[in-house]
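Right, one structure below, let's go through it.
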Amino acid sequence: MTTTTHDDARPDAPEGDPAPGGASSLTPAERRRLTRTPDPRVVTAVLAFSGLVAALMQMLVIPIVPSFPELLDADPADTTWIITATLLAGAVVTPIAGRLGDLMGKRRIVLALVVVMIVGSIVAASTSELVPLIIGRALQGTALGIIPLAISILRDTLPAERLGGAVALVSATLGFGGAVGLPLSAWISVTFDWHVLFWTAALLGVVVFALVAWLVPASTLRTEGRFDLPGAIGLAIGLTGVLLAVSKGNDWGWLSGSTLASGLTGLAVLVLWGFYQLRVSSPLVDLRVAVRPAVLLTNLASVALGFALFGSNVSLPQLLELPAETGVGLGQSIMVASLCLAPSGVVMMLMAPVAARATARFGARICLVVGGSIIVVSYAVAAVAFDQVWQIVLVSVLIGFGIGLAYAAMPTLIMHAVPATETAAANGLNTLMRSLGTTSASAVVGLLLTANSMPFAGGSVPTEAGFRLTFVLGGAVALLSVLLAVAIPRREPVYEDAALPTGPVRTR
């Protein structure tokens with residue numbers, strides 16, 4: 001089976017022109033743009049940088065989280081909303097932005113998200129109060145929607161022979177931004193006033209906006225229909241309820257009224273939302289496409305892989321930074337710990353061309369299985385050896401190899417199985433699944449380490465058994481992703497206008 005593309009999906013067509021037949025209405029500037037042939041390397045570099053900045057927003061304040069109660073003169077439980085608000089905003093906005101991109105133009109929505117991120121950065125940089133900072137961080141969190149849109153833009157604008165490597169590179173920025181952004185954030189927060197973090201984010205946003213507006217071509221490939229506002233509101237309410245319960249369960253108590261009310265309400269709203277999506281003519285998420293075996297199993301594997309990745313992001317820094325006097329920790333500073341984990345992100349980026357060639361040679365399904373298997377091995381090593389810094393670095397790098405391979409395979413599997421007019425929405429849903437995994441990992445790993453702690457210096461620290469259980473759990477979840485990947489159909493009927501125009505489908 002082969003895939004085809006629409007003639008109106010010209011990479012050099014202006015976003016405002018609905019079809020080739022509309023050339024008579026073009027302005028002189030738009031006519032000049034039609035003669036421009038975008039350099040695939042430049043487009044890929046700009047979108048990869050955009051994804052890197054978006055991912056950096058998720059990890060921007062991690063190094064100074066313990067200092068926020070003192071910096072803001074606020075209760076520690078309240079300052080956790082600085083992280084929670086970012087996760088919630090990213091998870092809710094990502095699928096909505098994807099649908100808007102399919103309807104209104106992907107580059108246009110990327111630019112809109114960048115503007116929101118810049119505004120959020122300026123709000124956060126201009127305050128030392130808790131509530132405005134939470135608002136600013138929520139606005140920054142919406143940048144997560146840039147990554148699936150960037151992947152979809154690559155599909156619309158790049159030639160088939162360059163698409164695999166470009167998709168792998170942009171997909172890897174979700175992990176690379178966190179791994180490399182952590183030491184950068186730590187250095188800025190240690191060297192300068194903490195507000196500089198947000199001014200830096202605002203400056204990066206301005207650079208991204210200029211590069212995307214100048215160098216990324218627009219596509220005329222659009223979805224017919226209207227934006228499903230009730231569906232967007234329902235999804236936002238449902239996801240917020242579920243994610244609040246998951247992310248705040250440790251603080252509120254897992255059986256408390258607040259946690260149960262939030263989680264159950266969110267689940268009920270999502271069920272009703274699902275029934276509504278099946279009946280509306282222009283749904284926010286086409287659930288009939290989403291439940292196709294290739295799409296559904298890939299998304300479920302994404303949840304597991306997101307959990308496996310963030311589980312290491314939560315546990316390994318703690319292990320490195322805990323005082324050596326505990327008998328468990330390795331006594332490293334925040335800066336050193338961040339540098340120890342940075343090679344993992346570098347490996348993810350370096351794996352992009354390797355993953356692209358492997359996907360073309362062996363198929364995306366096989367690459368997802370192998371990537372997940374490498375993560376299983378990584379956690380197995382961690383479970384038996386975590387008393388030396390070099391061992392933690394080794395585990396982190398191995399996880400980077402696995403994530404780099406697996407994250408490159410997932411968008412390929414998704415785009416082989418959805419119509420071309422739904423690429424952004426489908427990639428947005430896949431990114432949401434990864435976010436669900438990362439949010440769950442933060443809560444579950446936190447609960448596990450808290451439940452297995454011991455007294456130290458007037459407080460409590462995780463025990464050796466707690467870390468070991470965390471690594472065993474991470475390996476088990478990674479193994480689940482492998483089993484889900486194995487279950488993905490080797491051959492499945494595809495749309496004639498499938499989203500990935502790469503010739504014969506290789507999903508084996």
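The values are calculated or read from the model by the stated rules, or taken from the named source; none is laboratory data. Quick caveat, the model's predicted, so the values are computed rather than measured. Neighbour counts are summed over all protein chains in view; Cβ atoms, including those assigned to glycine, are modelled from backbone coordinates with ideal geometry.
To keep it simple, each residue is scored yes or no on (1) of a type in the set (D, E, K, R); (2) touching an Asp or Glu at 6+ places or on another chain (Cβ under 6 Å).
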residue	(1), (2)
Ala337	no, yes
Cys340	no, no
Ala355	no, no
Arg365	yes, no
Gly372	no, no
Val381	no, no
Going through (1) in contact (Cβ under 8 Å) with a residue 24 or more places away in the chain; (2) within 30 Å of Arg226 (Cα to Cα) one by one, Leu278 fails only at (1)
Single match in Val395, Val369 (criterion: over 30 Å from Val291 (Cβ atoms) and in the same structural domain as Ala356 (by TED's automatic domain parsing)): Val395
Being among the basic types (Lys, Arg), at pLDDT 85 or above and assigned by TED's automatic domain parsing to the domain that holds Phe68, is that true of even one residue in segment 134-155? yes
Could you pull out every one of the helices (runs of 4 or more DSSP H) wholly within segment 275-391 that has 3 or more residues that are under 19 Å from the mean Cα position of the chain (by Cα)? 293-321, 334-362, 364-384
Which residue, of Ser435, Ser442, Ser453, is among the hydroxyl-bearing types (Ser, Thr, Tyr), free of Cβ contacts under 8 Å to residues at least 40 places away in the same chain and either touching a helix residue (DSSP H, G or I) at 6+ places or on another chain (Cβ under 7 Å) or over 25 Å from Leu154 (Cβ atoms) (or both)? Ser453
Checked segment 220-247 for anything at pLDDT below 85 and under 13 Å from Thr84 (Cα atoms); matches are Ser247
Going by the structure shown, is Val397 modelled with pLDDT of 85 or more and either among the hydroxyl-bearing types (Ser, Thr, Tyr) or under 22 Å from Leu480 (Cβ atoms) (or both)? no
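Look through Ala138, Ala150, Ala168, Ala124 and report the one residue that is assigned to a helix (DSSP H, G or I), within 16 Å of the chain's Cα centre (by Cα), small (Gly, Ala, Ser) and within 23 Å of Leu244 (Cβ to Cβ).
Ala138
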Sort out which residues of segment 101-118 are at pLDDT 90 or above and among the aliphatic types (A, V, I, L, M), and write them in order of number. Ile109, Val110, Leu111, Ala112, Leu113, Val114, Val115, Val116, Met117, Ile118
The residue from Gly404, Gly372 that alone is surrounded by 24 or more Cβ atoms within 10 Å (Cβ to Cβ) and at pLDDT 90 or above is Gly372
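Among the candidates Pro411, Pro462, which residue alone is over 16 Å from Ala301 (Cα atoms), surrounded by 24 or more Cβ atoms within 10 Å (Cβ to Cβ) and assigned by TED's automatic domain parsing to the domain that holds Val303?
Only one candidate passes the filter, namely Pro462.
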Conditions (1) among the polar types (S, T, N, Q); (2) closer than 20 Å to Gly205 by Cα; (3) at pLDDT below 95: number failed by Ser121: (3)
Among Ser333, Ser312, Ser281, Ser302, the single one that is surrounded by fewer than 21 Cβ atoms within 10 Å (Cβ to Cβ), under 26 Å from Leu56 (Cα atoms) and out of contact with any Gly (no Cβ under 6 Å at 6 or more places or on another chain) is Ser333
Would you check if there is a residue in segment 164-171 being closer than 23 Å to Met351 by Cβ and surrounded by fewer than 24 Cβ atoms within 10 Å (Cβ to Cβ)? yes
Just to be sure before I move on: is Leu239 within 23 Å of the chain's Cα centre (by Cα) and either of a type in the set (A, V, I, L, M) or not assigned by TED's automatic domain parsing to the domain that holds Ile151 (or both) in the structure I sent? yes
Per the filter on segment 253-283, residues within 15 Å of Leu88 (Cβ to Cβ) and among the hydrophobic types (A, V, I, L, M, F, W, C) are Val269, Leu270
